[in-house]
Amino acid sequence: SSAASDVYKRQILKIAEEELAKHPKRQLYVLGEVGRHYFEERGIEINKQFHYTIQNPTLNRARNISEELLEGYRQGDFDEIYIIYTSMVNAMQEEAEILQLLPLKKADFHNVEIPLDVRREELALRPSADAVMNRIVPDYVVGFVYGALVESFSCEQNARMMAMDAATDNADALLKDLNTMYNLSLIHISE
């Protein structure tokens, strides 16, 4: 893997380690080998490792990951779920992100507006609010996990592309210098 790729991996692992230190009673779910090696070397317990690579983000993988997380959340194994992933700021910059997936915060739904002429007492949810949330929350978690997988994959590919561009530029500069030196040596020989 490229040096740029290694930099962003170190950033995300550092953030994860800092968050773990803040929460002594926590569970750690890890995707991929880099994270597994990092935490094992530091003696940090991994509760679940997903043996997927970041190179193939699929909706099925996102569902499998989400089902594990949601099951633990429903059973009360943990009361908050955070996801740490890599986000692409622009073509030149990636950054590690940490986001609370569950419980949902009211601010996550700030764009939902109730018309001014409807009184809240008149709102009837059919099916019930619980039934709606039991359907929406898993879909929201799956969608977000899938988005994080795709975003991290994009960052990895972008880091590789930038490293290859830099290597090509360096090789072109080296060839130009060698060509100049070769031509200068030919001039000296012919004189």
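Here, each number is a calculation from the coordinates, and none is a lab measurement. Computed from a predicted model, the values in this text were never measured in an experiment. Note that each Cβ is placed from the backbone with ideal geometry, even for glycine, and that neighbours are counted across all protein chains shown.
If R0 is 35 Å, the Cβ-Cβ spacing of V150 and K25 corresponds to a FRET efficiency of close to 0.65. Distant-in-sequence amide contacts of Y52, defined by a placed amide H-H separation under 5 Å and a gap of 5 or more residues or a different chain, comprise G32. Between N56 and R135, the contour length at 0.36 nm per residue exceeds the Cα-Cα span by 25.8 nm.
Within 10 Å of each candidate Cβ there may be at most 12 other Cβ atoms; applying that plus a DSSP loop requirement, which trypsin sites (Lys or Arg not before Pro) in the range 17-54 survive?
Counting only loop positions with at most 12 other Cβ atoms within 10 Å, the trypsin sites (Lys or Arg not before Pro) in the range 17-54 are K25, R42.
Placing a label point 7 Å from the Cα of E71 along the Cα-to-Cβ direction, the residues of the range 134-150 with a backbone N closer than 20 Å are 134-146. Round to the nearest 0.05 the FRET efficiency obtained for D79 and I46 when R0 = 22 Å and r is the Cβ-Cβ distance. Computed FRET efficiency for D79 and I46 comes out at 0.65. Annotation: amide H of L102 within the under-5 Å range of I81, sequence separation 5 or more or interchain, hydrogens built in the peptide plane. In straight-distance terms, cross-link reach from K105 covers every one of the lysines whose alpha-carbon lies under 25 Å from its own, apart from those fewer than eight places away in the same chain; here that gives K22, K25.
Close amide H pairs (under 5 Å, H built 1.01 Å from N) link E94 with V89, residues at least 5 positions away or on another chain. With a Förster radius of 25 Å, plug the Cβ-Cβ distance of M161 and E95 into 1/(1 + (r/R0)^6) and report the FRET value to the nearest 0.05. That pair, M161 with E95, gives E of 0.90.
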